[in-house]
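Notes follow the structure.
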Amino acid sequence: MNKDNHNKSALKVNKGIVQPSTVNKEALVSRSKVKKELTVDNYIQGIRDGNRSILAKAITLIESALPKHRILAQDIIEACLPLSGKSIRIGISGVPGVGKSTFIEAFGKNLTEQKHKVAVLAIDPSSSRSKGSILGDKTRMESLSRDKNAFIRPSPSAGSLGGVAQKTRETIILCEAAGFDIILVETVGVGQSETAVHSMVDFFLLLMLSGAGDELQGIKRGIMEMSDALIINKADGDNIDKAKMAKVQYANALHLFPPTPSGWTPQTDICSAYTGDGIDRVWDIIQEYIQLTQTSDYFTENRKQQEIQRLLENVEQRLLNQFYENPKIHDFMEKAKNSIANSERSVYSLIDELFKHYNNTK
């Protein structure tokens, strides 16, 4: 084919257009700089400005087991302490299936509509394999998680209860420094975690169900004694009459308990997190309690006692860590376990030898 025929052909190949890279190099460089340059001052400023991303990163540092992260986290906590303490801390617990997440979402939305800033710290059930948080609460509270005045942080419950409690206390400090004036701490279920949460909140709310058998046998007496309010949830439809009956039963039971140190008489009420009925009354009860305890100075004194308890718990935790992280103790423990397994030594003689061994390593 000659040159002229080639030019008249219907077939024509245009030069291709150079496609831009799918990788935004400038963004990567920017992110890399932010990651490298994030100092304690950057964290503090970000937290004070209400930057959720930086707040979440700071909480991740608190939850980290890496020593360098813990050092940085402690510096952030120390700097945030003067900015904390201005919130109302509310613990929320209840029997499995009571609808804690649904209640917290309805309650949280009610508060944000009143211009409050709400942080939800959910001690979430952990994966048995990864030991990480399943993050179920964040998916269940879809509406609240999208609220600009709410912040939801599920935390893994794997590990020692003391460790989880300590991290939750420190997370509360950060959330308060970020401007959240109401902190909701949800527990996994009824058990030891309730005692830990009770020691870090101002008000303890217990959710219950009606029509689930003998209501007064459905929960431990100790948990009821800790409660400042007992709310029967799912009081809707055909269940309203049962809920009202349960309210009377619980109110009668609470009157048999010793007087509370705060001088407050625990309240009972009913609500439906599904319909929203009664949610506003729960907030009224909490406000009444806060006003009473602030007037009597119990509110401030209780927080002081909680901080002292926190000090003692941290001393115990530090001593435990120091003991078990000692290489010689670790070696001795491995031999001791074998001796026990083979029925060669008694537990008591091994303990005596263990502490003699430990005293010699100091």
ask   = Put a dot 7 Å past each Cα toward the Cβ at Glu344 and Glu325; how far apart are the dots in nm?
value = 3.0 nm
remark   = In nm, the gap between the two label points placed 7 Å beyond Cα toward Cβ at Thr295 and Ala253 is 3.0 nm
message = Quick check: pseudo-label points 7 Å beyond the Cα along Cα→Cβ at Glu307 and Asp241, how many nm apart are they?
response = 5.3 nm
query = Which aspartates and glutamates have a Cα lying under 15 Å from the Cα of Lys242, excluding residues fewer than 8 positions away in the same chain?
reply = Asp214, Glu215, Asp269
request  = Starting from the Cα-Cα distance between Ala56 and Lys68, subtract it from 0.36 nm times their residue separation and give me the gain in nm to one decimal.
outcome  = 2.6 nm
remark   = Descending packing, highest mean Cβ count within 10 Å first, for 62-74, 270-282, 349-361 is 270-282, 62-74, 349-361
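On a 25 Å Cα-Cα criterion, which of the cross-link pairs Lys86/Lys167; Lys148/Lys304; Lys167/Lys304 come out too long?
Where the Cα-Cα span goes over 25 Å, the pairs concerned are Lys148/Lys304.
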query = So how much slack lies between Arg318 and Lys115, counting 0.36 nm per residue of separation and subtracting their Cα-Cα distance, in nm?
reply = 69.0 nm
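All of the numbers you see were taken from the coordinates with simple rules; none came from a lab. Fair warning: this is a prediction, and the values are worked out from it, not measured in the lab. With ideal geometry, Cβ positions are generated from the backbone for all residues, glycine too; neighbour counts draw on all protein chains shown.
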